[in-house]
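Structure first, commentary second.
Readers should treat all values here as calculations from the given coordinates under stated rules, not as data from a laboratory. Everything numeric in this text was worked out from a predicted model, so none of it was measured. Glycine gets a Cβ as well: all are built from the backbone with ideal geometry, and neighbour counts include every protein chain shown.
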Amino acid sequence: MSIAEKVFLGSLMKAEYLLKDTVIQPEQLESLRHREIMRKIIELNHAGKGIDLITLTTLPELESLGGISYLSELLSFANVEKFDATEKIILDLWKEREKRNILQLAALSDWEIEKVIAELEKINQLKMEDHTYLQQALSNIYEAPWEDQLLSRSVTTGIKELDEMTGGFQGGEVTILAARPSMGKTDVMLHFAKTAGWAGYLPLVFSLEMPEKLITSRLMASTGGFNRAKMRDPKRMLTEDQKNKWSDVIGNLTATNMQIFDGAGQTIAEMRAKTRKLMHQFPYKKPILFIDYLTLIRSSQVYGGNSHQQVTEISKSLKIMAKDFDCPVICLAQLNRSVESRSDKRPMMSDIRESGSVEQDADVIMFLYRDRYYNKESQNYSLEIIVSKNRNGQVGTVDVNYREKTGKIVAQKEQSVI
């Protein structure tokens, strides 16, 4: 029988206060006898009785628990100092058994791969190491007044004024970037993604609508300053100067290490699995996730077509993913048509489809607005990035120039632009 389980049970008998602290449930022990002993310990505790060796030996089921000799043996294994480490061993062993059981059940019942991934993810999400001593937390920020926080703690947006307002993209936070169609959402997302890549992060782009070839073409156009219309036939339509620049642009984009996943209808569980795989491939790079877009993510359940429940599940899952991987998650969202009926067409929170859960779970919500989209005669080429929610900072509007023909984002207060 598992020595870790003996140490665990012996420690509970020696220091019963540990019972209130443990995350282990009887069902997570491998030995049937150990499960029964833990159940009896819990029953005694609930009844206000001690759970020491003497009390346990008075139980009528003593023989089925192994008798006095076995309970005495358990007590001899007690090691309160190693209790936390023992818990982790037991939980890890239980996870491995559960994964094997899931795979066997999946094979017998012919589960779809998405269901298998989702069930395995539920097991992986169970963890114990979510606690930090305040002393440790304080030591982590001891040097903060002398450190460049933007470089050390967050991912730059590539727009200085926006960085100053939001602090950049923070690990564990979800940013929603919302706008009406054709407002420039994807171009802004790709600007953020390549900027993060050049800053040393690992951008993972989950494009649920636009195929990889179109994403790549947009990246080339915005980075090289090529007219998007000419990207359909570069050999015939690009100038010689542009062709000579082509390989340099490819080199610059290769340096971002950007990863593109363009499968339609991906679930959060699938995104988690792909992210974890890439984190193993690039162990020294922090990931940053970009998802285009929210309502194209497939939920784990159908909910009878109830879109509100689907969006609520997805919204919460995005936040859990950001926290579990300690990485920023930027998710695009479409706005409903109500914005078109107003005289001032700048978006607001209620324009987000199924906005309640999104507004609650997101740390930052940004809207995009272009005057030229509604007024073709306008000479205003600004793209407004409206920060409407910022859990850890200020709100406001940052104007950037948006070059529609190339998709390039140009910060207005900076001349040298990525």
Quick one: angle between helix 240-254 and the longest Cα principal axis of the chain, in degrees between 0 and 90, rounded to 10, please.
-> 10 degrees
The pairs in LYS49/LYS82; LYS20/LYS49; LYS99/LYS319 lying past 18 Å Cα-Cα in this model are LYS49/LYS82; LYS99/LYS319
ALA178's amide H: which non-local residues (gap 5+, or another chain) put their own amide H closer than 5 Å, with H modeled 1.01 Å from N in plane and none for Pro or chain starts?
-> ALA333, MET366, PHE367, LEU368
In Hz, Karplus ³J(HN,Hα) per residue of region 180-191 (6.51, -1.76, 1.60; θ = phi - 60°; x = Gly, Pro) | 6, x, 6, 8, x, 4, 5, 5, 5, 4, 5, 4
According to the square roots a ≥ b ≥ c of the eigenvalues of the Cα gyration tensor, what is the shape class of region 185-264, taking rounded for a/c under 1.5, prolate for a/b larger than b/c otherwise, and oblate for the remainder?
-> oblate
Amide H neighbours of ILE330 at under 5 Å, excluding residues fewer than 5 places away on the same chain, with H built from the backbone geometry, are THR175, LEU289, PHE290, ILE291
Burial-style ranking of 158-166, 236-244, average other-beta-carbon count within 10 Å with highest first, yields 158-166, 236-244
Rounded to the nearest 500, the 222 nm mean residue ellipticity computed for the chain from DSSP H runs (n ≥ 4, each -39500 (n - 2.57)) alone is -14000 deg cm²/dmol
By counting other Cβ atoms within 10 Å of each Cβ, how are SER382, SER317 ranked from fewest to most?
-> SER382, SER317
Cα-Cα over 31 Å, subset of LYS160/LYS235; LYS213/LYS285; LYS345/LYS408 = LYS160/LYS235
With T = 4 °C, eta = 1.567 mPa s and Kirkwood Rh from C-alpha pairs, the Stokes-Einstein D of region 3-125 in µm²/s is about 83 µm²/s
How large is ³J(HN,Hα), in whole Hz, for each residue of region 200-215 in order, when computed from phi with the Karplus curve 6.51 cos²θ - 1.76 cosθ + 1.60 and θ = phi - 60°, using x for Gly and Pro?
-> x, 8, 10, x, 10, 9, 9, 9, 8, 10, 8, x, 4, 4, 6, 4
HN-Hα couplings for region 112-121 via Karplus (6.51, -1.76, 1.60; θ = phi - 60°), in whole Hz with x for Gly/Pro, come out as 6, 4, 4, 5, 4, 4, 5, 5, 5, 5
Taking max minus min of the Cα coordinates of region 148-411 on each principal axis, largest first, gives extents in Å of 54, 50, 42
Under 5 Å between amide H atoms, partner at least 5 residues away or on a different chain: which partners does LEU202 have, H built in plane at 1.01 Å?
-> LYS286, ILE288
Peptides 100-110, 33-43, 4-14 ordered by average Cβ neighbours within 10 Å, highest first = 4-14, 33-43, 100-110
